[in-house]
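Data block below; observations after.
We did not get these values from a lab; they are worked out from the coordinates using the rules stated. Since we're looking at a predicted model, the values are computed, not measured. So basically every Cβ, Gly included, is an ideal-geometry build from the backbone, and we count neighbours across all protein chains shown.
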Amino acid sequence: MFDHYTGSRLDRADEPAGSGSEPRIARLFGTHGDEKYLTSRQLGPAVNGAGLRVEHRRIEPGAQNCVIPTCTEVVYILSGQTRVRRTAEGRTQEGLARTGTSWLVPAGIHETELQLDGTVECLVIFLPDTLLERSALVDYDLDPERLKLAYVGGMTDVTLAQLASTLRGLIGREPGPTDRMVADATRTALAAHLIGHYTIDRWRPSERAPTLEAKRLKRVLDFIEARLGEDLSLDDLASQACLSPFHFSRLFNDATGLSPHRFLVQRRVLAAQAMLAANQTSLAEVALDAGFGSQANFTRVFRKATGLTPGQYRRGQGLLPPTSSLGALSTFVEQD
């Protein structure tokens, strides 16, 4: 097997031991990301090592291709925010993702749906289905056949963040003499952390301070989308979450990273951008339909958010990317 990162040939001892499927898995490391993330592009060269591939990707909104992975996939969000809906083995998970959260797709999991409505940049880390060499697992009295990882997402895990940061540091630079050692050590540490915390029998949602849980947050977001053109108050939004305005405002900010007012304004700017790009209505109509109340207020807010007046944006045919306003939620809603 050739190490495309170091430019050296790896010994067979560096590959996971097994029945002969490992070379096939190694080849899939290089194609899985393109096959699955249809709305994405890879940013720079990937890091490839023994039993490891790390890709830096920008994923745009849309439905993705649910290929069944023969490798374990860890996704770490570097920037951006998106709402996620994914389904695997009859269970649907919904939630919002932001910078610093991680998502796990175990080898062999059968995803049937993966939808994103925002843009994110992320590290996509591929590991073998057994995570570590079978001989190493046996040395630690671990049965490879029983190490089944949980299908979980939205974790804010400091250790995963540190390991992802180390791997990101290897991307896009000239290979150094110790980089392969760093990649191998980080892969081993990552695999050990997953085995120690994210197998089905070990995974437990962490205890956390009161949060605006996903179901309530989704109800608020759906309410905003359905009534974007109306004059919405903090009381209106809080009532959808069955909370007082004070508690709702605090929990909403924790969940999304934005105050309710700022979130609403950015959603209106995004809606206006879409209408302006369609070029089918007047500026006054866009102002009313997007909930700005007047064309003067629309122009003032839009220019502050984008640096352009609505007319300038339209004449530019909407070439500037819209600014995502979705925040994050560190837990998923699961529906059987």
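Going from the fewest other Cβ atoms within 10 Å to the most, the residues 66, 242 appear in the order 242, 66. If R0 equals 25 Å, the separation of the Cβ atoms of residue 184 and residue 253 corresponds to a calculated FRET efficiency of about 0.05. So for the range 238-315, averaging the separation of alpha carbon pairs under 8 Å that are six or more residues apart and normalising by length, what relative contact order in percent results? Here the relative contact order equals 19 percent.
So which GluC sites (Glu not before Pro) in the range 225-297 end up in coil per DSSP with only 13 or fewer other C-beta atoms within 10 Å? In loop regions of the range 225-297 (DSSP not H, G, I, E or B), the sparsely surrounded GluC sites (Glu not before Pro) are 230. Amide H to amide H distances under 5 Å link residue 79 with 121, where only residues 5 or more positions off or on other chains count and H is placed in the peptide plane.
Distance between the pseudo-spin-label points of residue 192 and residue 35 (7 Å out from Cα toward the beta carbon): 3.2 nm. The label-point distance for residue 309 and residue 68, in a model that sets each label 7 Å from Cα toward Cβ, rounds to 5.9 nm. Projecting label points 7 angstrom from Cα along Cα→Cβ for residue 92 and residue 280 puts them 2.7 nm apart. Close amide H pairs (under 5 Å, H built 1.01 Å from N) link residue 113 with 87, residues at least 5 positions away or on another chain.
The order of 236, 222, 157, going from fewest to most other C-beta atoms within 10 Å of their C-beta, is 222, 236, 157.
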